[in-house]
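Q: Mind looking over this structure? Questions follow.
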Amino acid sequence: MKLRLLKDSIAKNLSRSLLIISLSVVVLIIIGLALKASPLLDSVNLFSILTEKVWSPQKGNFGFLPFIMGTLWVTFISLIISVPLCILAATYLVEYASDRLRKSVLPLMNVLAAIPPVLYGVWGVLFVVPLISEWIAPIFNVSTTGYSVLAGGIVLAVMIFPIMISIMVEVLKTIPNELKAASLSLGATKWETIQKVVLRKAKPGIIAAIVLAVSRAFGETVAVLMVCGNIPKVPQSLFDAGYPIPALIANNFGEMMSIPLYDAALMFAALLLFVIIFGFNLISRIILNRLEEHA
Amino acid sequence: MSNINRRLRSEKIAKILMQISGISITGSLFLIIGIILYKGLPYISWEMISQSPQGGFYIGKGGGIFNAILGSLYLAGLSTVLATIVGIPIALYLNMYVKKGSFLEKSSKLLFDVLFGIPSIVYGAIAFSIMVWLGIRASLLGGVITITLLTIPIVVRTLDELLKTIPIDLKNVTKSLGATTWETAKVLLKYIKPGIFTAILLAFGRAIGDVAGVLLTTGFSDNLPKYIDEPAATLPLAIFFQLSSPIPEVQGRAYASALVLTLIILIIVICTHILASKQKKHKI
């Protein structure tokens with residue numbers, strides 16, 4: 001008996017320490033990034049780092065505005081494409097589709113979620129970029145190589161489809177049938193019920209899904225890097241090249257050693273990403289957990 | 001009631017819009033796979049997948065991507081094993097030892113959810129700077145550590161979802177027979193066995209496809225990976241490098257490599273799906 005209790009307490013303590021170690025990784029990351037980024041923050045103030053337009057590490061100019069704007073452009077484009085599509089498709093799956101259709105579409109979303117970023121990048125280079133340079137840009141009388149924030153936005157939109165759809169479907173499922181029945185019995189059509197009851201009630205969950213997708217989009221590196229053009233200038237239009245923050249880190253890590261403050265600047269970029277994404281994730285997870293508890 | 005026709009018409013339009021969005025979203029999946037198949041098939045050959053790069057590989061001469069396939073399998077395999085070894089006890093601890101609804105349980109689960117969302121480039125950046133600080137060069141080991149950190153949250157969260165579905169009776173019956181918590185945990189593990197493989201496969205899939213974390217920590221090498229402290233090639237990175245080459249043959253190899261990666265991912269997804277449906281039927 002003693003042996004068994006001993007085993008139990010060993011297992012308990014071992015797994016507890018594993019838990020503590022793996023959670024302390026978060027703290028470790030924050031401290032490490034902050035320490036590494038501090039030389040930059042010591043020599044330039046935070047406000048000017050975030051608002052300066054000029055990025056030339058050799059001359060000591062570390063303006064992050066082009067990268068912040070690049071990230072915002074691609075994220076915003078991807079949201080414009082994917083949010084309406086996902087809300088409509090998720091509503092259809094929950095409210096109209098047959099069980100069979102739902103059961104065959106949702107696994108396909110898992111496949112889409114499992115495709116690695118680099119394959120999205122290959123697809124972007126082979127399909128989206130030529131599509132933009134040969135078909136979309138000529139409509140607006142623009143000539144472009146196709147490597148643009150628009151291409152990045154389209155690729156990202158497809159990448160965040162699965163996470164948005166699967167969470168939105170879960171959220172829409174939690175809407176009580178009584179509410180829908182009440183609205184239908186008052187003579188509202190199904191579509192009116194969806195607009196005025198279902199979507200309104202599901203709003204916090206839908207917002208949480210969007211925030212989660214945004215944080216995914218912020219951090220996406222390679223797929224966007226492959227199609228975005230990577231020119232450190234603030235993009236002025238859909239067809240301009242952009243340079244998102246993660247691409248900046250990925251492209252320059254090898255060569256940063258020789259230039260002073262360069263590594264601090266890249267670490268600052270990583271810290272920026274981490275803080276923003278951590279915050280966004282935290283908010284949306286709290287909202288979603290609360291919804292789950294009430295359901 | 002005179003406007004009922006208008007209202008019904010708007011219902012019809014909405015429904016069509018919904019169908020179009022559904023079709024375009026599912027269509028995008030087939031578009032991606034279709035394009036990779038279409039571009040990759042003409043270039044795929046046995047030489048591609050069975051040989052390492054030979055001299056002049058990157059200007060279009062002989063060789064293949066076997067080094068990258070093997071490197072990726074090593075990397076993903078090792079880190080998945082590590083993540084499983086760490087992840088299973090954590091998931092069990094959170095479900096068996098910690099009181100339900102306690103602060104520790106809730107906040108740890110929340111934190112793992114959040115960690116799940118942290119992009120791999122951040123893990124890669126921090127791991128890279130730690131490696132520079134310790135004086136370790138880019139190597140398979142560095143990649144394994146980075147990817148393990150990346151996949152632990154996946155294992156923990158997937159197993160946690162599974163453990164939650166176990167009927168409480170099973171737990172109570174085992175305990176009432178005099179089993180310790182640890183012995184009960186072993187019984188529960190048996191119950192969710194197919195699900196554990198699902199979690200492992202999910203982690204493996206994420207690990208094998210990751211680029212950003214590997215880019216900074218694992219380096220690249222034309223040799224077959226032999227030692228853990230040497231740089232190793234990985235499949236996603238091979239695709240990435242080959243695609244940026246201006247030479248058509250090399251680009252063609254990128255398409256073929258992409259096809260190989262797609263097939264690996266599809267196999268993983270199909271296995272996951274089969275295991276998940278097995279879990280539904282799996283009862284003791």
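The values are calculated or read from the model by the stated rules, or taken from the named source; none is laboratory data. Just so it is clear, the structure is predicted and the values come from calculations on it, not from any experiment. Because the Cβ atoms are built from the backbone with ideal geometry, glycine has one as well, and the counts that use them run over all protein chains shown.
Q: If the requirement is being surrounded by 15 or more Cβ atoms within 10 Å (Cβ to Cβ), at pLDDT below 95 and assigned to a helix (DSSP H, G or I), which of these qualifies: B:Leu94, B:Leu8, B:Leu82? Spell out how you get there, then give the answer.
A: Working: B:Leu8 fails: surrounded by 15 or more Cβ atoms within 10 Å (Cβ to Cβ); B:Leu82 fails: at pLDDT below 95.
So the residue among B:Leu94, B:Leu8, B:Leu82 that is surrounded by 15 or more Cβ atoms within 10 Å (Cβ to Cβ), at pLDDT below 95 and assigned to a helix (DSSP H, G or I) is B:Leu94.
Q: If you don't mind, another one. Outside any helix (DSSP H, G or I) and away from chain A (no Cβ under 14 Å) - does that describe any residue in segment B:66-79?
A: The initial filter retains those residues of segment B:66-79 that are outside any helix (DSSP H, G or I), namely none.
There is no residue in segment B:66-79 that is outside any helix (DSSP H, G or I) and away from chain A (no Cβ under 14 Å).
Listed here are the residues, each with its yes/no results for (1) part of a helix (DSSP H, G or I); (2) acidic (Asp, Glu); (3) surrounded by 22 or more Cβ atoms within 10 Å (Cβ to Cβ); (4) away from chain B (no Cβ under 11 Å).
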{"position": "A:Arg102", "(1), (2), (3), (4)": "yes, no, no, no"}
{"position": "A:Glu134", "(1), (2), (3), (4)": "yes, yes, no, yes"}
{"position": "A:Ser143", "(1), (2), (3), (4)": "no, no, no, yes"}
{"position": "A:Leu150", "(1), (2), (3), (4)": "yes, no, yes, yes"}
{"position": "A:Met159", "(1), (2), (3), (4)": "yes, no, yes, no"}
{"position": "A:Val171", "(1), (2), (3), (4)": "yes, no, yes, yes"}
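Q: Looking at B:Thr158, B:Thr184, B:Thr174 in this structure, which one is closer than 22 Å to B:Leu82 by Cα, hydroxyl-bearing (Ser, Thr, Tyr) and either part of a helix (DSSP H, G or I) or within 12 Å of chain A (Cβ to nearest Cβ) (or both)? Reasoning before the result, please.
A: On the way: B:Thr184 fails: closer than 22 Å to B:Leu82 by Cα; B:Thr174 fails: closer than 22 Å to B:Leu82 by Cα.
Sole residue among the options that is closer than 22 Å to B:Leu82 by Cα, hydroxyl-bearing (Ser, Thr, Tyr) and either part of a helix (DSSP H, G or I) or within 12 Å of chain A (Cβ to nearest Cβ) (or both): B:Thr158.
Q: In segment A:257-295, what residues are surrounded by fewer than 19 Cβ atoms within 10 Å (Cβ to Cβ) and of a type in the set (Phe, Trp, Tyr)?
A: Hits for segment A:257-295: nothing passes.
Q: Which residue is nearest to A:Leu106 (Cα to Cα), if the candidates are limited to segment B:1-48 and must be touching a helix residue (DSSP H, G or I) at 6+ places or on another chain (Cβ under 6 Å) and more than 7 Å from chain A (Cβ to nearest Cβ)?
A: If we take residues in segment B:1-48 being touching a helix residue (DSSP H, G or I) at 6+ places or on another chain (Cβ under 6 Å) and more than 7 Å from chain A (Cβ to nearest Cβ), then B:Gly40 is nearest to A:Leu106 (Cα to Cα).
Q: When you check A:Gly32 against the structure, is it of a type in the set (Gly, Ala, Ser), more than 10 Å from chain B (Cβ to nearest Cβ) and either part of a helix (DSSP H, G or I) or under 24 Å from the mean Cα position of the chain (by Cα) (or both), yes or no?
A: Numbers: of a type in the set (Gly, Ala, Ser): yes; more than 10 Å from chain B (Cβ to nearest Cβ): no; either part of a helix (DSSP H, G or I) or under 24 Å from the mean Cα position of the chain (by Cα) (or both): yes.
The answer is no for A:Gly32.
Q: Sort out which residues of segment B:137-181 are without any contact (Cβ under 8 Å) to a residue 40 or more places away in the chain and either hydrophobic (A, V, I, L, M, F, W, C) or not assigned by TED's automatic domain parsing to the domain that holds B:Thr80 (or both), and write them in order of number.
A: Correct list: B:Leu149, B:Ile166, B:Ile168, B:Val173, B:Leu177, B:Ala179.
Yes or no, residue by residue, for (1) among the hydroxyl-bearing types (Ser, Thr, Tyr); (2) buried (at least 20 other Cβ atoms within 10 Å of the Cβ); (3) part of a helix (DSSP H, G or I):
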| position | (1), (2), (3) |
| --- | --- |
| B:Ser107 | yes, no, yes |
| B:Phe112 | no, yes, yes |
| B:Gly124 | no, yes, yes |
| B:Phe128 | no, yes, yes |
| B:Trp133 | no, no, yes |
| B:Ala138 | no, yes, no |
| B:Gly143 | no, yes, yes |
| B:Ile147 | no, yes, yes |
| B:Ile152 | no, yes, yes |
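Q: If you don't mind, another one. Please go through segment B:26-47 and pick out each residue that is in a helix (DSSP H, G or I), of a type in the set (A, V, I, L, M, F, W, C), surrounded by 15 or more Cβ atoms within 10 Å (Cβ to Cβ) and touching a residue at least 24 places away in the same chain (Cβ under 8 Å).
A: Result: B:Ile33, B:Ile36, B:Leu37.
Q: So, one more: For A:Lys53, state whether it is out of contact with any Asp or Glu (no Cβ under 9 Å at 6 or more places or on another chain), assigned to a loop (DSSP other than H, G, I, E, B) and either over 30 Å from B:Ala179 (Cα atoms) or at pLDDT 85 or above (or both). I'd like the intermediate steps shown before the answer.
A: Values: out of contact with any Asp or Glu (no Cβ under 9 Å at 6 or more places or on another chain): yes; assigned to a loop (DSSP other than H, G, I, E, B): yes; either over 30 Å from B:Ala179 (Cα atoms) or at pLDDT 85 or above (or both): yes.
Answer is yes for this residue.
Q: Just a yes or no: is a residue in segment B:252-272 surrounded by fewer than 18 Cβ atoms within 10 Å (Cβ to Cβ) and either more than 12 Å from every other protein chain (Cβ to nearest Cβ) or in contact with a Phe, Trp or Tyr (Cβ under 9 Å, 6 or more places away or on another chain) (or both)? Please lay out each step first, then the result.
A: Going residue by residue through segment B:252-272, those that are surrounded by fewer than 18 Cβ atoms within 10 Å (Cβ to Cβ) are B:263, B:266-267, B:270-271.
If we keep only those that are either more than 12 Å from every other protein chain (Cβ to nearest Cβ) or in contact with a Phe, Trp or Tyr (Cβ under 9 Å, 6 or more places away or on another chain) (or both) too, we end up with B:271.
Yes; the residues of segment B:252-272 include at least one that is surrounded by fewer than 18 Cβ atoms within 10 Å (Cβ to Cβ) and either more than 12 Å from every other protein chain (Cβ to nearest Cβ) or in contact with a Phe, Trp or Tyr (Cβ under 9 Å, 6 or more places away or on another chain) (or both).
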